[in-house]
1. As I understand it, the dipole of the range B:303-504 uses +1 on the Cβ of Lys and Arg and -1 on the Cβ of Asp and Glu, about the Cα centre. Which of B:Ser359, B:Leu464, B:Val450 lies farthest toward its positive end?
2. For the protein assembly as shown, with the dipole built from +1 on Lys and Arg beta-carbon atoms and -1 on Asp and Glu ones, taken about the Cα centre, which of A:Pro272, A:Ile229, B:Ser60 lies farthest toward the positive end?
3. Hey, rough spin-label estimate for B:Leu24 and A:Asn78, points 7 angstrom out along Cα→Cβ, what's it come to in nanometres?
4. Starting from the Cα-Cα distance between B:Tyr8 and B:Val351, subtract it from 0.36 nm times their residue separation and give me the gain in nm to one decimal.
5. For the range B:110-174 and the range A:246-305, what is the separation of their C-alpha centers, rounded to whole Å?
6. Suppose R0 equals 56 Å; then what is the FRET efficiency for B:Asn130 and B:Met482 from their Cβ-Cβ distance, rounded to the nearest 0.05?
7. Could you give the length gained on full extension between B:Arg373 and B:Asp103, defined as 0.36 nm per residue of separation minus the Cα-Cα distance, in nm?
8. What is the sum of charges, Lys and Arg at +1 and Asp and Glu at -1, for the other residues whose Cβ falls under 15 Å from the Cβ of B:Lys331?
Amino acid sequence: MNWVSPFRLAKAGILGMNCRNVDFIGRYNLRRFYPLVDDKLKTKLLAEEYGVATPTLRFVVKTQHEIGHIEDRLMDLNGFAIKPSRGSGGKGILVIIGRKGNQFIKSSGTEVSIEDIRRHLTNTLAGLYSLRGAPDVAIIEDLIEFDDTFKGYSHEGVPDIRIIVFRGYPVMAMLRLATHASDGKANLHQGAVGVGLDIATGQGLKAVQFSNPITLHPDTKMPLGDLKIPDWKNMLLLASRCYEMSNLGYIGTDIVLDKSRGAQLLELNARPGLSIQVANGKGLLPRLRHIEKIRKPHRLADDRVEYAMATFHSQGI
Amino acid sequence: MVSRVPFYTIVTLLIFTGLCTALLRHVQLGIPFLPGQQEKVWLIEARVDFNAQNAPVLASLDLPDNPPGYAILNELAASPGYGFSIIENDGRRRGEWSKNSADGAQTLYYKAQLIRSKNLDTELVDVTPNPQPVFWDGPEATAAEYVIEMAQSKSSSPESFTRELMRLLLNPEPGQNTGLLLANQPPVIVMDKLLNQAGIPARISMGLQLEDARRRQSLVPVIEIFAKDRWLVFDPSTGQQGLSEDILLWQRGSNSLLDVVGGVNSRVSFSMIEQTLPALELAQTQFAGQGFAWLGVHTLPIEEQSMFKLLFLLPLGAMVVVFMRIIVGLKTSGTFMPILIALAFLQTSLVLGLISFISIVAMGLVIRTYLSRLNLLLVSRIATLVVLVVFLVSFLSLVGYQLGFSTGMTITFFPMIIIAWTIERMSILWEEEGPREVVTQGGGSLFVAVLAYLLMQLPLSGHLSFNFPELNLIILAIIMLMGQYTGYKLSELRRFRAMIEEDKA
């Protein structure tokens with residue numbers, strides 16, 4: 001059978017689910033700060049307060065009767081994204097990239113009618129996509145026009161960059177590229193491609209899909225090896241500042257690079273997944289333990305990013 | 001870092017409390033640790049025969065009262081037309097049958113179930129009895145004095161004197177003096193007389209020799225002497241102190257065994273058989289209302305008991321779920337849904353439960369696909385599903401009944417709301433992640449449910465959880481300990497294998 005011994009996993013410094021939950025999430029993330037990250041609307045408002053860039057919020061749909069005349073409000077929007085405020089795992093996100101007569105065009109190219117959008121909004125408000133099915137609100141925000149660097153690297157959907165931030169230090173990063181298999185979603189277990197990124201440079205390290213190493217994008221056949229994220233340090237800074245903003249010690253920040261507006265925070269995650277280790281080919285544990293040992297953490301995000309870039313390069317820990 | 005000491009203290013305390021209470025109840029109340037344990041019980045029947053003389057009848061039989069080495073489990077009298085009551089007077093128990101008028105041969109029965117018990121001592125007596133005055137005929141008096149002197153010269157206490165005296169009288173080659181004493185009277189009478197003469201209060205009691213499947217037995221005499229504030233029993237046939245294990249002391253003291261007023265030719269005879277009874281049943285009848293008995297749920301009405309039988313199995317199921325999720329890393333749909341399904345399986349039996357569960361969920365999924373087109377609000381959609389699940393279950397029950405499955409009704413044990421939610425979740429999962437994930441999570445849930453069911457249906461777990469609910473504290477401790485596990489899940493050994501294998505290459 002294809003099992004590996006737990007001792008070899010431990011030797012490689014792989015962080016397991018139980019260890020993450022008990023030693024990091026349980027210890028560094030206080031429960032009372034969770035609502036700030038579980039609710040995208042709250043995160044957005046908080047981010048504005050702290051000067052962290054996010055995609056522009058157009059409006060919020062809070063009640064069922066607003067859905068009846070939603071077309072008036074969508075009239076002057078060409079492209080937009082509808083998100084459940086408390087959705088999880090990328091569920092319930094509807095991205096409209098343009099129109100064709102009365103129809104709306106989804107990022108996958110399929111057309112949907114205003115009725116479909118209404119149903120989607122109804123489902124969202126009823127809590128179909130939210131954790132535990134609680135009633136929710138839908139937020140409608142501007143479409144991200146992703147940076148030219150990623151041209152050809154993503155099939156449908158926006159490539160986003162997941163950076164794990166531990167006590168304010170960015171410890172590991174990966175670029176997530178949607179594929180046909182992942183249906184435009186950026187979740188690795190759904191078939192998105194994960195490209196590990198060097199914290200020091202933003203250079204792509206290796207790429208995986210379904211845990212298997214690959215070199216070309218499965219849909220566009222673009223080589224993944226020579227990807228390099230522009231403006232890398234600013235992106236790390238944005239991620240690092242989320243620590244002060246959220247008060248959570250162990251978070252995953254999802255950042256996109258907009259063509260005109262630069263790095264934008266999409267959402268925060270208080271329980272970031274473990275597959276980032278697979279994309280990087282490296283265990284998280286040594287880096288996390290290293291940060292844990294720091295007696296006097298740096299006060300400023302700049303200093304923390306400097307420290308992380310100097311410490312966590314591809315040859316280092 | 002938070003200190004782990006209080007945590008481990010609590011865990012140790014839980015385990016300790018659970019184990020100790022269980023042990024205590026096992027020892028004190030005799031509740032067996034294993035199901036189906038049997039214990040031996042003697043069923044003894046005393047039969048009283050006499051001829052009534054067309055007059056009011058009152059028959060009174062001496063009954064065993066707290067006999068050493070035995071405990072009475074239950075007793076009853078069966079005699080048509082007679083009133084029966086047990087009268088306790090001056091520490092003695094007598095059964096009294098009465099009838100206004102009777103004629104001809106009469107038979108009365110008294111039955112008792114006895115089990116061996118550990119209390120071998122007779123109870124303490126407050127008032128010291130006096131030795132009875134003894135009268136001998138001329139030459140016997142001298143012989144008696146001589147025998148007493150001989151026994152006294154070799155003894156230091158009433159007990160050793162009794163033993164020595166019995167040894168002398170039981171000697172197969174009796175001396176001149178003992179021979180003279182034994183010539184006219186049975187040894188037991190002689191022993192009793194000699195003991196009283198020596199200043200030791202003594203009496204003759206009657207015991208019953210227990211032997212399986214014997215009929216028409218009579219009582220055998222035993223000697224009791226009073227020493228150390230209690231009556232001590234000696235076996236006159238062996239001269240040993242204490243009773244041999246198979247003798248039940250039936251009648252104690254010198255009062256009569258049987259008195260019959262209004263009848264003649266009365267006699268009493270005994271028959272007995274050895275039975276086996278479940279040890280658990282015994283413990284319940286024997287120790288009801290004693291000591292730690294209130295901790296058990298046996299004091300509740302039967303209906304509540306059967307509910308608790310299921311309830312106390314829940315922690316075991318919860319432990320299975322925790323284990324499968326934390327240590328193994330199996331995906332299930334809904335955290336504790338598997339336990340509820342497992343509980344339902346307990347009522348329906350496994351195969352039928354599985355078939356009906358899968359068919360209900362499958363049919364529900366088909367209907368749900370149509371519902372999703374109707375664009376209903378979530379709560380209303382779930383409610384619709386609940387109603388439809390009720391109909392589905394009733395339909396399946398009817399079909400099952402027509403096909404001759406008697407389990408028709410038991411399907412209703414499935415938690416409807418849970419099933420409705422399962423269908424809803426599965427359907428969303430299907431739309432978002434594809435059928436593969438539905439099979440993974442659904443299969444995982446069913447696997448955990450079957451595993452929990454297999455564990456819960458074991459006679460041992462049912463027995464232990466119901467009779468020793470405190471053992472659930474240990475399960476609680478284990479669950480808490482697993483909550484502290486930070487090692488890898490079994491599934492992660494597969495998930496991250498690519499990374500390790502790559503490094504090697």
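1. Most positive-ward Cα: B:Ser359.
2. A:Ile229
3. Rounded to a tenth, the inter-label distance reads 8.0 nm.
4. Difference between extended and current length: 119.3 nm.
5. 94
6. Here the calculated transfer efficiency is 0.20.
7. Difference between extended and current length: 88.1 nm.
8. Cβ neighbours under 15 Å give a net charge of +2.
The values are calculated or read from the model by the stated rules, or taken from the named source; none is laboratory data. All values derive from a computational prediction rather than experimental measurement. Positions of Cβ are generated from backbone atoms using ideal geometry, with glycine treated the same way; all protein chains shown enter the neighbour counts. The protein model used for the area step is the full one, side chains on, heavy atoms only, and it has no ligands, DNA or RNA in it. Shrake-Rupley method; radii C 1.70, N 1.55, O 1.52, S 1.80 Å.
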